[in-house]
Amino acid sequence: MSNENIQMWTDLKIDLKSHDLLLNALGPAFQDIYLSQKNRPAGMAFYDFVVGDIHGIRVKELIQHAKNGGKVVATYCVFVPEELVWAAGGIPVGLCAGTQFSVPMAETVLPRNTCALIKSSFGFKLGRVCPYVQVSHLIVGETTCDGKKKMFEILNQYQPVYVMEVPNKKTERSRNLWHGEVLAFKDVIEKLTGNKITAENLGQAIELVNQRRLALQRLYNLRKVSPVPISGKDALLAIQVSFYDDAKRDTQMLTALCDELDKRIAAGQGVAPANAPRILISGSPMAIPNWKLHHLIESSGAVVVCEESCTGTRFFSELVKPTQSNLDEQLKAVADRYMNIHCACFTPNDERFDDVVRLAKEYQVDGVVHYNLQFCHTYANEAITMEKKLEDAGIPLLRIETDYSDEDAGQLKTRIEAFLEMIKH
């Protein structure tokens, strides 16, 4: 690592010793899981580079943005309307962490029976090992789960946090509440940045984010083909990078990758045999470097062709409907788009069950793996209904509950292999 990076991390008050341990562990894991793959698309070289310099170039861009008077707004959830941040001249970045490394740090403060995503994310701040946390001017939370809500209260003691209230229902009153939350968030972002959100700059931001969503939709549609032209691990990595890369650059790189995949499809070139079991993963999000489940499935001879999760279809399926009218209608269009996310926090949540059945058919999957992080009660409870819905549709389901550690990898691989064997026969 360069002296320039070390100085940058020092200026951000990063704990260099812990940070070195984190990066030193990430490199070999990425080598084993990603770089060992055969027949990868050449377009994945960009994403390999991003991970290889994960705390370097992009962090420098954010620091330069701040030096120029801009603000960095960090988020933990796909419910935070990033269009408003872009419109006000800010840069949104995703903070969710997917590493076991920072969990013990968080457990010095948080209860151990808290989900790994919450502990890993909080540990990044407590241990001062994530420059994206350190460079941010505001962290925006949301009320999608009780664990996160209470974690945000504690996190606010270390760094400014603003929390948006996400309703638990999708009634007309709930939609009105959420619309009010979006308007309040607009005021917060305008005050933070010192810039007014106008119909013009919000329209440009909507177009910017919609273009990235369209590129991700294209990537996922290409995974419907058999043989599939890209591994589930590589597709997951591309969407994980989308959470913190520059939106315009990300769209360009996704487009180039999809252009390459089109050629691979035309040539009949796939990353797995045409008869490899096709798997859909549904449930909890998977932040970098949480690649465990994909790796276990694909190293067992199957291929992951779709993710119904916040690091999957929920992130990009819905577009903000473009409107040429006034700012009020644009803000309403933004609010409406985000209320169409089918998160497990809603009750009832029949839309998510319908989504999984529909996606299973669209992607011609042989089975669904329902993934939930340990102590994530919303997804754990929805798994009961999900199992019944998929059984009625004649689609095999495997329920997986795990955390970020590798302690259960052998047990999980045995269960996955048995599930795949059952599918084949």
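The values are calculated or read from the model by the stated rules, or taken from the named source; none is laboratory data. Just so we're clear, the structure is a prediction, and the values are computed from it rather than from any experiment. Methodologically, a virtual Cβ is constructed for each residue, glycine included, from the backbone with ideal geometry; neighbour enumeration extends over all protein chains shown.
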Original post:
Which ones in region 224-252 are touching a strand residue (DSSP E or B) at 6+ places or on another chain (Cβ under 8 Å), among the charged types (D, E, K, R) and either crowded, with 22+ Cβ neighbours inside 10 Å or outside any loop (DSSP other than H, G, I, E, B) (or both)?
Top reply: 233
**OP:** Just one of (1) under 20 Å from the mean Cα position of the chain (by Cα); (2) within 25 Å of residue 234 (Cα to Cα); (3) not β-branched (Val, Ile, Thr) trips up residue 62, so point out which.
**Re:** (2)
Original post:
Quick one: is residue 136 within 20 Å of residue 86 (Cα to Cα) and in the same structural domain as residue 65 (by TED's automatic domain parsing)?
Top reply: yes
**OP:** Could you look through region 1-42, keep only residues that are polar (S, T, N, Q) and not in a loop (DSSP other than H, G, I, E, B), and pick out the one that is farthest from the chain's Cα centre (by Cα)?
**Re:** 3
**OP:** From the list 401, 382, pick out the single residue that is under 26 Å from residue 119 (Cα atoms), in contact with a Cys (Cβ under 9 Å, 6 or more places away or on another chain) and surrounded by 15 or more Cβ atoms within 10 Å (Cβ to Cβ).
**Re:** 401
**OP:** Go through region 269-316 and give me each residue that's aliphatic (A, V, I, L, M), modelled with pLDDT of 95 or more and farther than 13 Å from residue 420 by Cβ.
**Re:** 271, 280, 281, 286, 287, 288, 293, 305
Original post:
Being farther than 27 Å from residue 347 by Cα and among the acidic types (Asp, Glu), is that true of even one residue in region 166-180?
Top reply: no
**OP:** Count, please, the residues in region 134-186 that happen to be in a helix (DSSP H, G or I), over 16 Å from residue 332 (Cβ atoms) and without any contact (Cβ under 8 Å) to a residue 40 or more places away in the chain.
**Re:** 6
Original post:
Consider residue 379 against the criteria (1) modelled with pLDDT under 95; (2) of a type in the set (Ser, Thr, Tyr); (3) assigned by TED's automatic domain parsing to the domain that holds residue 212: it satisfies all of them except one. Which criterion is unmet?
Top reply: (1)
**OP:** Check 340, 326 and return the single one that is in contact with a helix residue (DSSP H, G or I) (Cβ under 9 Å, 6 or more places away or on another chain) and in contact (Cβ under 8 Å) with a residue 24 or more places away in the chain.
**Re:** 326
**OP:** Answer yes if at least one residue in region 383-399 is of a type outside the set (Gly, Ala, Ser), under 19 Å from residue 348 (Cβ atoms) and within 22 Å of the chain's Cα centre (by Cα), and no otherwise.
**Re:** yes
**OP:** Output the residues belonging to region 136-146 that are surrounded by 21 or more Cβ atoms within 10 Å (Cβ to Cβ) and not hydroxyl-bearing (Ser, Thr, Tyr).
**Re:** 139, 140, 141, 142, 145
